[in-house]
Structures are given as structure tokens and as C-alpha cells.
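Q: Would you mind keeping the following structure in view while I ask a few things?
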Amino acid sequence: MKIDLENRVIMITGGSEGIGKGIAQVAARCGAIVVIASRGEDEMQSAVESIRSEGGSASWVTADVTQDDQVADAVKKTMERHGRIDGLVANAGINGTWAPVDELTPEEWRKTIDVNLTGTYLAIHHCVPQLRKAGGGSIVIISSINGTRTFSNEGASAYAASKAGQFALAKMLALELAPSKIRVNVICPGAIESNIHGKTDREHLERIETPVIYPEGEIPLTGGDFGTPDQVARLVTFMMSDLADHITGTPVWIDGGQSLIC
């Protein structure tokens, strides 16, 4: 059965690269009207042009997800442009700084929490009234195996805390928003091909490293190869569709078995 998102307006935060871009592309192929909300205009324009070149419908709005007024404006512009919002993918996130907790600065901690957790809250906060107006909809939060099933990445305390927060937020909101026919689910990817890995600041992790010998490959299903944004995107579009209309408050780990051994 084909995933059908025909004419549904779906906002994707951080949808200009990596997993977010993959989600935007696959959602558009399923018929969605995609709105990418991110900071980099050049990257967003490139992603939108790529979708349009395949015959899909996409546009972009500039927003730093840590800024309440910018997220509110992004939602306002989306409503002015399309008249409705049917779904939200809260994807924007950073790895931030990984360091021993006594070296991790309050500024580094706040930056990771602000983008990953507060940014998720702000996107949901401003989209929920529009989802209610539409008669319901779907929210998918992109969390991680870190902080939900894996805790072996030394120094990733801020990142893991932010991802655990997203995990709990999804479950809380699934109950709160169920009477409004708004489903809330959380996806927990493992190692996925993305530029985010190169943007991680790692500082003095050897001091807190816990020696562990993993089976060869570390990702059992692929022999060590990372997953792809497209694989995550297919799962997200399923969760956004009517095929998942009785699923809410549910976490799904997509990691090739990585978190079962790490």
C-alpha cells in the first residue's frame, strides 16, 4: 500500500540537509506540500529546488528554532501561504559539544538544550493551534538512540539529556493532544549519514572513556555501514500518514540494531 500524504501541508524544521532534507524529499514524493523551516537560506533554496525538480511541492521559511518570534513568524507565513498545517516534523538539532561534565560550560549546555529541546517545544507550541484548526494531524519528533537506549557516548551529556527530553515530551503530548486527534510519535535514529557528525565538538573525551570492545561493525544489520536519511524518511512519512492512524506516543528506534549492543 502506497503512503499517501496528498495535499497535506507538512512543516519540517531543519529540513534543508541531512535527515531533514531526506524527510522533505520523501514526503513531497508522497504528495505532501512541504515547508522547510531552517536558518540557512541557500541550503533551504537548494533543497526546495531539488524537490520541485522532481515535480513536488515545497517552499521555505527562515527560522532559528531557538527564537520564539521567528518560529511564530514561520508558522504565520505557512498559514498565509497554504491556509493550514496538517503535520510537523520536529527535526532541527545539533550534536553540540561533547566533553567531560566538569569541562562542559553552561553556555555549551544551554546551546544544545535550546536547539534540540526548546526548539522542539517552540515548533510544537506554535503548530498545535493550527493542527487543531485542521481537525487533527501528526507530529513526529526526531530524537536519537542516545539518551533513550544508548548511554555509551562519553561526554554527550547535554545531547543525551536533550534527546531524553524529546522522548518524554512526545509521550506526554500524545496523551494531552489525543482528544484533538493529534498524534505524537518519536523516532530514534542511530548512526545515519549526515553532516552533523563533522559538526560535533569533542573535547578531552579520552579522560572519561570507558573501554569497551564491540562486535565487529557495531551496526549488526549492515556490518557497520551507517543508515541513510532516506530510510529514516520512509519511517517518518509512514508515521505521518493514515496508515499509522492508531499509533501515538510510540517510540521507534531505527539503527540497524546498533543500540542493542552499544
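Q: How far apart, in nm, are two points set 7 Å out from the Cα along the Cα-to-Cβ line at Asp4 and at Arg39?
A: A separation of 4.0 nm, rounded to one decimal place.
Q: Also, I was wondering about something else. What list do you get for Val252, Val184, Val9 if you sort them by fewest beta carbons within 10 Å?
A: In order of increasing Cβ crowding within 10 Å: Val252, Val9, Val184.
Q: Moving on to the next point. Determine the relative contact order of the range 50-174: mean sequence separation of Cα pairs under 8 Å and six or more apart, normalised by residue count, in whole percent.
A: Rounded, it is 29 percent for the range 50-174.
Q: Follow-up question, since we're still on this one. Taking N as the number of residues in the range 64-133, what is its alpha-carbon radius of gyration divided by 2.2 N^0.38 Å?
A: Expressed relative to 2.2 N^0.38 Å, the Cα Rg reads 1.34.
Q: With labels modelled as points extended 7 Å from the Cα through the Cβ direction, what inter-label distance (nm, one decimal) is found for Leu243 paired with Arg81?
A: For Leu243 paired with Arg81, the spin-label model returns 2.7 nm.
Q: Could you give the semi-axes, largest first, of the ellipsoid that matches the chain, computed as the square roots of 5 times the alpha carbon gyration tensor eigenvalues and rounded to whole Å?
A: 30, 20, 18
Q: May I ask you to sort Met240, Met1 by Cβ crowding, counting other Cβ atoms within 10 Å and putting the fewest first?
A: Met1, Met240
Q: For a quick check: sort Asp114, Asp42, Asp242 by the number of other beta carbons within 10 angstrom, fewest at the front.
A: Sorted ascending by nearby Cβ count, the order is Asp42, Asp242, Asp114.
Q: Kindly provide log₁₀ I(q)/I(0) values, in the same order as q = 0.17, 0.25 Å⁻¹, from the Debye equation applied to equal alpha-carbon scatterers of the range 1-91.
A: The calculated log intensity ratios at q = 0.17, 0.25 Å⁻¹ are -0.61, -1.31.
Q: Let me ask you something else. Find the Cα radius of gyration of the range 97-185, compare it with 2.2 N^0.38 Å by division, and give the number to two decimals.
A: 1.23
Q: To continue, here is another question. Taking the C-alpha atoms of the range 142-188, how large are the radius of gyration and the largest Cα-Cα span, Dmax, in Å?
A: Radius of gyration, then largest Cα-Cα span, for the range 142-188: 12.2, 40 Å.
Q: Let me ask something else about it. So what is the relative contact order of the range 1-75, in percent, for Cα pairs below 8 Å that sit 6 or more residues apart? Intermediate values should be presented prior to the final figure.
A: Working: 135 pairs, mean separation 20.7, N = 75.
Here the relative contact order equals 28 percent.
Q: At 222 nm, what helix-only mean residue ellipticity would the chain give, in deg cm²/dmol to the nearest 500, using -39500 (n - 2.57) for each DSSP H run of four or more?
A: -12000 deg cm²/dmol
Q: At q = 0.25 Å⁻¹, what is the base-10 log of I(q)/I(0) for the range 219-262 according to the Debye formula with one equal point scatterer per Cα and no solvent? Please give it to two decimals.
A: Debye curve over Cα of the range 219-262, log10 I(q)/I(0) at q = 0.25 Å⁻¹: -0.91.
Q: When only alpha-carbon atoms are used, what values of Rg and Dmax, in angstrom, describe the range 41-97?
A: Cα-based Rg and Dmax for the range 41-97 come out at 12.8, 39 Å.
Q: Okay, moving on. What range in the chain is the longest one free of GluC sites (Glu not before Pro) that are in a loop by DSSP and have at most 11 other Cβ atoms within 10 angstrom?
A: So the longest stretch without any such site is 55-208.
Q: Per 10 Å bin from zero, what fraction in whole % of the C-alpha pairs of the range 10-166 is there, up to the bin with the longest pair?
A: Per 10 Å bin, starting at 0, the Cα pair percentages come out as 12, 39, 32, 14, 3, 0.
Q: Right, next: Can you compute the modelled spin-label distance between Ser152 and Asp69, with each label point 7 Å from Cα toward Cβ, in nm?
A: Distance between label points: 4.7 nm.
Taken together, the values in this text are just the output of simple stated rules run on the coordinates, not laboratory data. Quantities reported herein were computed from a predicted structural model and do not represent experimental measurements. Glycine gets a Cβ as well: all are built from the backbone with ideal geometry, and neighbour counts include every protein chain shown.
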